[in-house]
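Below: one structure, written as structure tokens.
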């Protein structure tokens, strides 16, 4: 039996397609977004109030996965990494730290990341003491489950084909469609449900 489950979301809260009511205060955008979608990716140096989002996640009973995205240059530079992690370290159990890599992080970097929920995506085969999956010709190294980032713009047939290909992984998957608007996210969610995921 297939155990694939998709948690679908996008990068940042700046949806442009009249998703938010006109009179919705900026600080309520996350609440509104999280009622419809089950995943969100924010950059580690986002202007959003991460602390407030962490508090809301703690108080919620809903299934929701927050992905904090860090650039490779930020991850590999020790002093930069420590600086960026400091304000969110105490909340590390409430988010997944994600990075697209093309080179192996040092042992010192991995030591700093100990205790974090991690997912690395790479075109290259790297060496990690983490779960590993090859999905759509990319390597995923993760502590909990893979996080797939895509910036592709798809039609319904392409969405269906992609979900069927990825579903062979047989695990929970966070699917982040970088620049998708709410209509596309809803389409992906509905197609995933129709396919039984």
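Any residue at all in segment 20-42 that's assigned to a loop (DSSP other than H, G, I, E, B) and under 15 Å from the mean Cα position of the chain (by Cα)?
Checking segment 20-42: at least one residue is assigned to a loop (DSSP other than H, G, I, E, B) and under 15 Å from the mean Cα position of the chain (by Cα).
Please go through segment 170-197 and give me each residue that is under 16 Å from residue 160 (Cβ atoms), over 15 Å from the mean Cα position of the chain (by Cα) and part of a loop (DSSP other than H, G, I, E, B), ordered by number.
195, 196, 197
Please count how many residues of segment 129-141 are touching a residue at least 12 places away in the same chain (Cβ under 8 Å), part of a strand (DSSP E or B) and farther than 15 Å from residue 5 by Cβ.
Qualifying residue count, segment 129-141: 5.
Which one of 52, 74 is in contact with a helix residue (DSSP H, G or I) (Cβ under 6 Å, 6 or more places away or on another chain) and outside any loop (DSSP other than H, G, I, E, B)?
The unique qualifying residue is 74.
For residues that are part of a helix (DSSP H, G or I) and in contact (Cβ under 8 Å) with a residue 12 or more places away in the chain, scanning just segment 87-109, find the one that is farthest from the chain's Cα centre (by Cα).
Within segment 87-109, the match that is farthest from the chain's Cα centre (by Cα) is 108.
Sort out which residues of segment 162-183 are modelled with pLDDT under 80 and exposed (fewer than 14 other Cβ atoms within 10 Å of the Cβ), and write them in order of number.
165, 168, 170, listed by residue number.
The values are calculated or read from the model by the stated rules, or taken from the named source; none is laboratory data. What you are looking at is a predicted structure, and each value in this text was computed from that prediction instead of being measured. Neighbour counts are summed over all protein chains in view; Cβ atoms, including those assigned to glycine, are modelled from backbone coordinates with ideal geometry.
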